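First the structure, in the form of structure tokens, and then the observations on it.
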């Protein structure tokens with residue numbers, strides 16, 4: 001079996017094995033390097049104009065988890081998991097455009113014309129206050145891509161996760177001093193499962209796929 005086939009099998013196995021786990025081994029302590037590796041892999045997700053709209057607020061301190069527990073409506077996975085990652089979308093991702101495209105221009109990866117076209121487009125979008133809704137959509141959409149990548153990376157390293165949208169954003173923002181620049185995408189718990197994930201079902205392709213046009 002060649003390397004490409006092995007990688008394809010591994011990717012498929014990880015995707016089929018990933019399920020949302022809500023009951024974690026509270027005694028398990030996740031090595032810091034494992035968490036760092038997972039987060040690094042998450043940053044390889046694609047993003048519009050490569051603006052990398054995601055920011056990760058990582059909670060490993062048990063006292064902070066206890067503060068977040070009531071904000072997450074008592075969902076116990078928050079305190080039992082090894083880490084809670086609050087995935088944030090950056091409403092001001094366009095401000096990173098020079099830091100992203102400047103080095104590419106300097107290295108010769110893109111020419112001046114391409115640089116000016118890309119930078120100009122981003123600044124035009126983010127410089128117009130009428131585009132606030134678009135920027136919010138972009139922040140959530142692109143940070144969600146990183147969220148899925150994070151969960152798959154965790155599973156590949158032997159950990160389980162649970163994406164959570166059930167929490168009070170305003171309370172979380174106040175409690176953790178989250179700047180107005182960021183909007184919530186989701187909260188993800190990471191750890192070792194204490195009990196297997198609940199069995200779930202999926203629609204068939206016939207139920208979810210439409211070819212060419214409705």
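The values are calculated or read from the model by the stated rules, or taken from the named source; none is laboratory data. Computed from a predicted model, the values in this text were never measured in an experiment. Positions of Cβ are backbone-derived with ideal geometry, glycine not excepted, and every protein chain shown enters the neighbour counts.
At-a-glance table
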{"item": "Residue check, residue 172 assigned to a helix (DSSP H, G or I), closer than 30 Å to residue 83 by Cα and under 16 Å from the mean Cα position of the chain (by Cα)", "result": "no"}
{"item": "Cβ-Cβ under 9 Å pairs, at least 6 apart or on other chains, the stretch 200-214 side on the phi < 0 side of the Ramachandran plot, far side at pLDDT 95 or above and surrounded by fewer than 10 Cβ atoms within 10 Å (Cβ to Cβ)", "result": "202/208"}
{"item": "Residue tally, condition buried (at least 18 other Cβ atoms within 10 Å of the Cβ) and touching a strand residue (DSSP E or B) at 6+ places or on another chain (Cβ under 6 Å), over the stretch 151-163", "result": "6"}
{"item": "Some residue of the stretch 17-34 being over 30 Å from residue 114 (Cα atoms), in a helix (DSSP H, G or I), in contact (Cβ under 8 Å) with a residue 40 or more places away in the chain and in contact with a strand residue (DSSP E or B) (Cβ under 8 Å, 6 or more places away or on another chain)", "result": "no"}
{"item": "Check on residue 210, modelled with pLDDT of 95 or more and closer than 30 Å to residue 24 by Cβ", "result": "no"}
{"item": "Count of the stretch 101-125 residues which are touching a helix residue (DSSP H, G or I) at 6+ places or on another chain (Cβ under 6 Å), free of Cβ contacts under 8 Å to residues at least 60 places away in the same chain and either closer than 19 Å to residue 139 by Cα or part of a helix (DSSP H, G or I) (or both)", "result": "5"}
{"item": "Qualifying position, being in contact with a strand residue (DSSP E or B) (Cβ under 7 Å, 6 or more places away or on another chain), assigned to a helix (DSSP H, G or I) and surrounded by fewer than 20 Cβ atoms within 10 Å (Cβ to Cβ), among 141, 136", "result": "136"}
{"item": "The lone exception for residue 187 - which of (1) more than 19 Å from the chain's Cα centre (by Cα); (2) in contact (Cβ under 8 Å) with a residue 60 or more places away in the chain it fails", "result": "(1)"}
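Yes or no, residue by residue, for (1) surrounded by 15 or more Cβ atoms within 10 Å (Cβ to Cβ); (2) modelled with pLDDT under 95:
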| residue | (1), (2) |
| --- | --- |
| 165 | no, no |
| 172 | yes, no |
| 180 | no, no |
| 201 | no, yes |
| 204 | no, no |
